[in-house]
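Q: The structure is given below, and queries will be raised subsequently.
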Amino acid sequence: MFNNTRIALFEHLKTPCYFYDTDLLHRTLFAIKEAANLYNYKIHYAIKANANENILRIISSYEIGADCVSAYEIERSLNCGFKPSKIVFAGVGKTDDEIKYAINKDIYCINCESLEELNVINSLARILKKKVRVALRINPNINAETHENITTGLDTNKFGIPYKDLIVITDNIHNYSNLIIDGLHFHIGSQITNLNVFRNLCNKINEIQEYLNSKHITVNHINVGGGLGIDYKKPEGQIPDFQAYLEVFKKNLNTDENQSVHFEPGRSLVGQSAILLSKVLFVKENGSRKTMIIDAGFTELIRPALYQAEHKIINLSSNEAYETYDVAGPICETSDYFGRSIQMSKSKRGDLIAILSTGAYGEVMSSQYNLRTPALKYYSKDFELAENEILL
Ligand code: LLP
């Protein structure tokens with residue numbers, strides 16, 4: 001992502017801004033398609049990770065489906081080339097209008113998160129005179145071994161149907177006359193780096209399927225959600241090991257030949273494909289600490305403030321010896337830091353700073369707090385011409 005020609009071009013950009021490496025994105029998408037095709041696994045990109053329209057158009061061009069959590073996400077994915085037949089819709093609090101929207105758009109499946117919601121979808125489907133495909137999102141009570149704010153599959157989390165309600169549903173399965181109970185859905189958390197966690201998930205799904213079989217119920221599809229983590233410490237050019245990830249499911253998940261297996265990766269598809277560029281405004285010394293104030297804040301990237309996430313930060317303008325900095329933004333909040341005690345080349349006002357691995361949950365979670373204007377976006381494909389001119 002960084003060569004001298006490119007850094008020279010970066011120097012002219014108005015900061016803070018996002019720079020997308022579309023070439024890396026293409027290679028990442030190619031890698032997951034290739035790995036998924038081996039087992040005929042279906043991929044639905046989790047739109048919430050990055051809903052930038054240019055990025056969505058690239059992703060949909062790989063014939064990947066979409067995982068949405070609001071009617072607006074469904075609308076955006078349809079506008080950006082995702083096929084309705086490959087869209088799934090989850091969300092713990094869908095409104096009636098959103099459910100009706102999803103039904104009217106004939107999407108692949110609504111992932112239902114509670115007993116009460118199942119009854120609501122059934123009645124709305126009856127009113128609209130439709131049979132609607134749903135998957136039951138079960139809360140499997142599995143520890144994803146990740147930050148508590150991105151853990152979703154424990155009993156204490158709000159997501160999914162508790163096991164006791166699954167029993168109520170299966171006992172009353174014939175009452176849902178306007179629903180096709182087509183699948184099981186799970187999503188236990190995000191930024192999961194221990195693949196054993198997914199093996200535990202498979203074991204739990206196997207148990208649930210055994211229970212369903214004992215009730216003579218079979219589902220056509222199993223959706224195991226997303227969650228595969230990325231390497232924030234050594235990010236440059238990294239494509240996640242999709243093959244190893246999918247193999248865990250191939251080896252551990254019991255399915256019959258008529259069942260399809262679906263995945264909802266978000267972060268792992270887009271995370272490494274963007275950097276946030278910023279400039280140093282001031283460097284101030286406070287006792288023994290040096291604090292670098294940059295022109296990006298948590299309004300552009302909230303992950304460090306919200307999840308204590310550590311993104312690699314580098315100074316693109318300086319080759320001097322390393323010093324230790326606290327890196328902070330300009331927002332009037334004490335939590336507006338990108339990192340503390342970061343080793344970086346000696347930095348001064350005007351230096352260009354890159355915060356790496358910001359393609360997932362970066363731009364999409366930005367806000368206008370302090371009345372900040374949205375960061376600009378640039379794409380490597382638009383840089384190629386200019387780079388060639390400089391090289392010539
Ligand atoms: N499916 C469902 C139902 C989800 O809730 C999520 C993410 C995904 C798939 C995609 O998960 P991924 O592959 O991206 O891990 N803002 C947080 C992450 C929140 C994830 C929410 N759900 C962060 O910046 O770490």
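Q: Filter the range 47-71 for residues that are farther than 16 Å from Gly359 by Cβ, of a type in the set (A, V, I, L, M) and in a loop (DSSP other than H, G, I, E, B) and give the result.
A: Val69
Q: Okay, moving on. Those residues that are of a type in the set (A, V, I, L, M, F, W, C), assigned to a helix (DSSP H, G or I) and at pLDDT below 95, I need them from the range 1-27; list them, please.
A: Of everything in the range 1-27, those that are of a type in the set (A, V, I, L, M, F, W, C), assigned to a helix (DSSP H, G or I) and at pLDDT below 95 turn out to be Ile7, Ala8, Leu9, Phe10.
Q: For Thr255, work out the one condition from (1) among the β-branched types (Val, Ile, Thr); (2) away from the ligand (no atom under 16 Å from the Cβ); (3) over 13 Å from Gly329 (Cα atoms); (4) assigned to a strand (DSSP E or B) it doesn't fulfil.
A: Evaluating Thr255 over (1) among the β-branched types (Val, Ile, Thr); (2) away from the ligand (no atom under 16 Å from the Cβ); (3) over 13 Å from Gly329 (Cα atoms); (4) assigned to a strand (DSSP E or B) leaves (4) as the failure.
Q: Next question, about the same structure. What strands (runs of 3 or more DSSP E) lie completely within the range 311-392 and have 1 or more residues being aromatic (Phe, Trp, Tyr)?
A: Because the criterion is at least 1 residues that are aromatic (Phe, Trp, Tyr), the strands (runs of 3 or more DSSP E) in the range 311-392 that meet it are 322-328, 337-345, 376-379.
Q: Still on this structure: Which condition breaks for Phe30 when tested against (1) of a type in the set (Phe, Trp, Tyr); (2) open to solvent by less than 20 Å² (accessible area, probe 1.4 Å); (3) part of a helix (DSSP H, G or I)?
A: The single condition Phe30 does not satisfy is (2).
Q: If you don't mind, another one. Just to check your reading of the model, which residue among Thr218, Thr152, Thr156, Thr146 is more than 17 Å from Phe89 (Cα to Cα), at pLDDT below 95 and within 13 Å of the ligand (Cβ to nearest atom)?
A: Thr146
Q: Based on what the data block shows, is Phe263 aromatic (Phe, Trp, Tyr), open to solvent by less than 20 Å² (accessible area, probe 1.4 Å) and either under 26 Å from Thr22 (Cα atoms) or in contact (Cβ under 8 Å) with a residue 60 or more places away in the chain (or both)?
A: Considered against the rule, which asks whether it is aromatic (Phe, Trp, Tyr), open to solvent by less than 20 Å² (accessible area, probe 1.4 Å) and either under 26 Å from Thr22 (Cα atoms) or in contact (Cβ under 8 Å) with a residue 60 or more places away in the chain (or both), Phe263 comes out as yes.
Q: Being within 26 Å of Gly227 (Cβ to Cβ) and at pLDDT 95 or above is the filter; apply it to the range 171-188 and report the residue that is farthest from the ligand (Cβ to nearest atom).
A: Among those residues, the one meeting the criterion is Ile181.
Q: Quick one: which of Leu301, Leu276, Leu316 is away from the ligand (no atom under 16 Å from the Cβ), on the phi < 0 side of the Ramachandran plot and touching a strand residue (DSSP E or B) at 6+ places or on another chain (Cβ under 9 Å)?
A: Leu316
Q: A further question on this structure: Return only the number of the condition from (1) open to solvent by less than 50 Å² (accessible area, probe 1.4 Å); (2) among the small types (Gly, Ala, Ser); (3) over 21 Å from Ile230 (Cβ atoms) that Gly359 does not satisfy.
A: (3)
Q: So, one more: Can you go through Ile180, Ile169, Ile217 and tell me which one is of a type outside the set (Ser, Thr, Tyr) and in contact with a Lys or Arg (Cβ under 7 Å, 6 or more places away or on another chain)?
A: None of the other options fit; the residue is Ile180.
Q: Okay, moving on. Identify all residues within the range 299-309 that are surrounded by 16 or more Cβ atoms within 10 Å (Cβ to Cβ) and part of a loop (DSSP other than H, G, I, E, B); write none if there are none.
A: Passing the criteria: Thr299, Glu300, Leu301, Ile302, Ala309.
Q: Given the condition touching a residue at least 12 places away in the same chain (Cβ under 8 Å) and within 14 Å of Ala144 (Cβ to Cβ), answer yes or no: does some residue in the range 203-213 qualify?
A: yes
Q: Now a separate question. Which members of the range 266-298 meet the condition of being surrounded by 24 or more Cβ atoms within 10 Å (Cβ to Cβ) and either β-branched (Val, Ile, Thr) or in a helix (DSSP H, G or I) (or both)?
A: Those that are surrounded by 24 or more Cβ atoms within 10 Å (Cβ to Cβ) and either β-branched (Val, Ile, Thr) or in a helix (DSSP H, G or I) (or both): Arg267, Ser268, Leu269, Val270, Gly271, Gln272, Ser273, Ile275, Ile294.
Q: From the list Lys348, Lys377, Lys381, which residue is basic (Lys, Arg), on the phi < 0 side of the Ramachandran plot, surrounded by fewer than 19 Cβ atoms within 10 Å (Cβ to Cβ) and at pLDDT below 95?
A: Lys381
Q: I would also like to ask the following. Quick test for you: out of Val224, Val168, Val197, pick the one residue that is touching a Phe, Trp or Tyr at 6+ places or on another chain (Cβ under 8 Å), β-branched (Val, Ile, Thr) and either farther than 19 Å from Val270 by Cα or within 15 Å of the ligand (Cβ to nearest atom) (or both).
A: Answer to the check: Val224.
Q: When the range 340-374 is examined, which residues are found to be within 16 Å of the ligand (Cβ to nearest atom) and under 22 Å from Gln238 (Cα atoms)?
A: Answer for the range 340-374, where residues must be within 16 Å of the ligand (Cβ to nearest atom) and under 22 Å from Gln238 (Cα atoms): Ile355, Leu356, Ser357, Thr358, Gly359, Ala360, Tyr361, Gly362, Glu363, Val364.
Q: Let me ask something else. Looking for something touching a Pro at 6+ places or on another chain (Cβ under 9 Å), surrounded by fewer than 19 Cβ atoms within 10 Å (Cβ to Cβ) and under 24 Å from Ile64 (Cβ atoms) - is there at least one such residue anywhere in the range 227-238?
A: The answer is yes; a qualifying residue exists.
Q: Scan the range 153-183 residue by residue and report those that are in a helix (DSSP H, G or I) and surrounded by 17 or more Cβ atoms within 10 Å (Cβ to Cβ).
A: Residues satisfying the conditions are Asp165, Leu166, Ile169.
Q: Quick one: count up the residues across the range 48-90 that are open to solvent by 10 Å² or more (accessible area, probe 1.4 Å) and either more than 15 Å from the ligand (Cβ to nearest atom) or within 15 Å of the chain's Cα centre (by Cα) (or both).
A: 24
The values are calculated or read from the model by the stated rules, or taken from the named source; none is laboratory data. What you see is a predicted model, and the numbers here were worked out from it, not measured in a lab. Using ideal geometry, Cβ is built from the backbone for each residue, glycine included, and neighbour counts are taken over all protein chains shown. Side chains included, ligands, DNA and RNA excluded: accessible areas come from the protein's heavy atoms. Shrake-Rupley method; radii C 1.70, N 1.55, O 1.52, S 1.80 Å.
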